[in-house]
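Could you have a look at this structure, given as structure tokens, before my questions?
Please treat every number below as a calculation from the coordinates, not as lab data. This one's a predicted model, so the numbers in the text were calculated from it and none came from an experiment. Glycine gets a Cβ as well: all are built from the backbone with ideal geometry, and neighbour counts include every protein chain shown.
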């Protein structure tokens, strides 16, 4: 009986893609490429931000420092003669210092409107989130309607005339509160959802009533979203042009945005004074965004993710 010797089968070569060393090298290459794309995207975002925000602001500053003849060319060049302080003095003293009265009116309008919006929106948002009722869907519908339905100018004027609030600061304050309240309610409601209910229950056990519970326990915890609402709505109210134009006409009630009419007309426009006025109007909102940028983002994103 003959036996056939067993010969081992030849080893198949390992495919290149299955080699762990090559896979690790390839993975490093992919990671390096993704990092390159990330850095490139960041640099591109910075360049776009400079083009969109910094360049227009520099154009405003340079034009505000030029003479009237040179500013009429609307060129993005350095002034041949710097008259920044002279233009500033002329803008402030124009029409019997109407700009100072306009800043006072805008300050009163902004402070009162934002204060009312914060208090009302915080209370409504807390109740909608904590108290379950058959009326909640109806109230939520009204809140969403306030965001969806566009404002109507003529009916609003009729309502203000009926209430004898047309051409008055209280009337314009009521308009801003009515049109901005829905957005604030949604922000406060989303933030209240992140506050544990156990705090409410503990305060109730300690004998706190509804108002004491809200103002001493809940309201201090709403600081991030309060800062967000204050900054966003303050900038919105301060920069508003159309509502002040329609509902608050007249020089005595002028806001800062309406002072832009002082330096432009159909025949002649003093571009240097106009841009100086724009620069003065831009500074307060810009300062608010610079100092409260982080709080704005924190308040906007609160309640977006649970768990």
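Just rank 135, 271, fewest to most, by other beta-carbon atoms within 10 angstrom.
135, 271
Here's another thing I want to ask about it. Would you mind calculating the gained length between residue 67 and residue 139 on full extension (0.36 nm times residue separation, minus the Cα-Cα distance), in nm to one decimal?
In short, 20.3 nm is gained.
Using Cα-Cα distances under 8 Å and only pairs 6 or more residues apart, what relative contact order does region 96-301 have, in percent?
For region 96-301, the relative contact order is 33 percent.
Further question on the same structure: Based on the mean of other Cβ atoms within 10 Å per residue, sort peptides 106-115, 272-281 so the most packed one is first.
Taking the mean over residues of other Cβ atoms within 10 Å, the ranking is 272-281, 106-115.
Taking the beta-carbon count within 10 Å as an exposure proxy, list 139, 217 from fewest neighbours to most.
139, 217
Would you mind ranking 134, 66, 223 so that the residue whose beta carbon has the fewest other beta carbons within 10 Å leads the list?
134, 223, 66
May I ask for the distance between the Cα centers of region 202-262 and region 129-173, given as a whole number of Å?
Computed from Cα coordinates, the inter-centre distance equals 15 Å.
How much of the pair distance distribution for region 96-301 lies past 29 Å, counting alpha-carbon pairs only, in percent?
In whole percent, the long-distance tail amounts to 36.
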